[in-house]
Amino acid sequence: MTQRNILCRRLGSVALLVAMLATFRPLHVSAQAPTPGLDLFAGLSFNFRDVYYYRQYDFLVNLTPGFRWTMGHDWQLTGQVYVPLVNQYGNYGNGLKVNNFALSKELRLGGLYAKATAGLFSLNRYGLDLKLFLPLADWFALEAQGGYVGWLYTDTYWRITKPDRFLGTVGGDIYLSKWNTQLRGVAGLYLYRDFGAEAEAMRHFNHTTVSVYGRWSDTYGYDAGFKVIVMLPPYHRTRRVVNFRPASNFRIAYTVMAELTGNRIYKTDPEENERDGWFSRHFLSWGSHTMYPDFIINQKTTEE
């Protein structure tokens with residue numbers, strides 16, 4: 001049996017253990033669920049790299065309009081396109097690109113929180129994805145993610161392949177509420193069929209999260225960097241049936257070895273970020289979701 005087969009079996013055993021631990025008590029959910037409605041939003045995707053000797057930086061800046069249809073009972077339909085504004089990345093960044101179109105459902109099984117998603121994800125992937133999160137205490141939780149995806153290019157011309165790739169990670173999170181600090185470590189099989197591990201330390205401030213991370217891939221070696229996530233104003237919002245707003249956050253990540261593609265995994269939600277995690281605040285109260293909320297929402301009904 002090869003080393004990779006052994007590791008796959010071990011990852012499967014850990015995932016089974018996570019499911020068995022679902023009988024642990026759930027955390028209290030205190031935030032109010034949003035009323036059904038449609039959010040239309042837009043933001044910016046800012047990318048830069050430093051890989052050529054003859055030019056210090058290449059920039060790729062996209063306008064990122066999208067939508068989020070909250071359908072009730074924790075169902076959501078999301079979509080997003082990338083419109084290039086500045087492109088020094090060559091053909092990769094040319095043309096209008098569909099970055100997300102996906103249907104998702106959040107659900108709870110005892111103490112186990114799950115999010116199932118189907119559709120088009122980032123990094124030109126489409127397929128099925130399942131995320132699991134198991135809080136064992138206010139300060140410690142287990143997590144797992146698995147996906148089955150294929151390629152779908154939507155930029156210059158459309159191309160699609162059959163789903164042919166499994167990926168999955170398992171890990172744990174520690175949250176130190178006194179300092180609003182989160183420590184995260186995961187390992188598994190990534191998008192480009194490399195095995196690897198990641199460790200990240202996040203410090204959550206008011207409306208901002210800053211993190212440093214390191215990672216290892218059996219194919220691409222070691223890498224490190226930092227991330228900054230800024231939640232965008234206005235922080236007091238009135239929610240109606242149709243809502244126009246900026247994107248919830250602006251995220252920038254710096255990687256020391258910008259040309260490496262190890263430890264890559266897609267995003268299933270156009271506003272997914274490390275500060276919020278995978279789940280809605282009203283659905284799971286853990287980690288940064290126990291802090292004062294970034295957005296104060298006034299739910300406005302049609303009767304008002």
Problem set entry | Spatial separation of Cα centroids for the range 120-149 and the range 225-253, in angstrom | 22
Problem set entry | Unsatisfied cross-links (Cα-Cα over 25 Å) in the set Lys115/Lys178; Lys162/Lys227; Lys178/Lys300; Lys227/Lys267; Lys178/Lys227; Lys115/Lys300 | Lys115/Lys178; Lys162/Lys227; Lys178/Lys300; Lys115/Lys300
Problem set entry | Pair-distance profile P(r), taking every C-alpha pair of the range 56-181, with 10 angstrom steps and integer % | 12, 30, 31, 22, 6, 0
Exercise. Mind listing the phi-derived Karplus ³J(HN,Hα) values for the range 282-287, rounded to whole Hz, using 6.51, -1.76 and 1.60 with θ = phi - 60°, and x for any glycine or proline?
Worked result: 5, 8, 9, 9, 7, x
Seminar exercise, completed: Taking a crude spin-label model, label points 7 Å out from Cα along the C-beta direction, the Met291 to Trp151 distance in nm is 4.0
Exercise. Label Thr161 and Leu260 with points 7 Å out from Cα along Cα→Cβ: what is the distance between them in nm?
Worked result: 2.3
Problem set entry | Per residue, in Å², the accessible surface of the range 139-251 once ligands and nucleic acids are set aside, probe 1.4 Å | 50
Exercise. Which three lengths, in whole Å and largest first, does the range 159-215 cover when its Cα atoms are put on their principal axes?
Worked result: 47, 23, 16
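Round to the nearest 0.05 the FRET efficiency obtained for Val210 and Leu136 when R0 = 35 Å and r is the Cβ-Cβ distance.
Efficiency for this residue pair is about 0.85.
The values are calculated or read from the model by the stated rules, or taken from the named source; none is laboratory data. The structure displayed is predicted, hence computed values, not measured ones. Using ideal geometry, Cβ is built from the backbone for each residue, glycine included, and neighbour counts are taken over all protein chains shown. The protein model used for the area step is the full one, side chains on, heavy atoms only, and it has no ligands, DNA or RNA in it. Shrake-Rupley method; radii C 1.70, N 1.55, O 1.52, S 1.80 Å.
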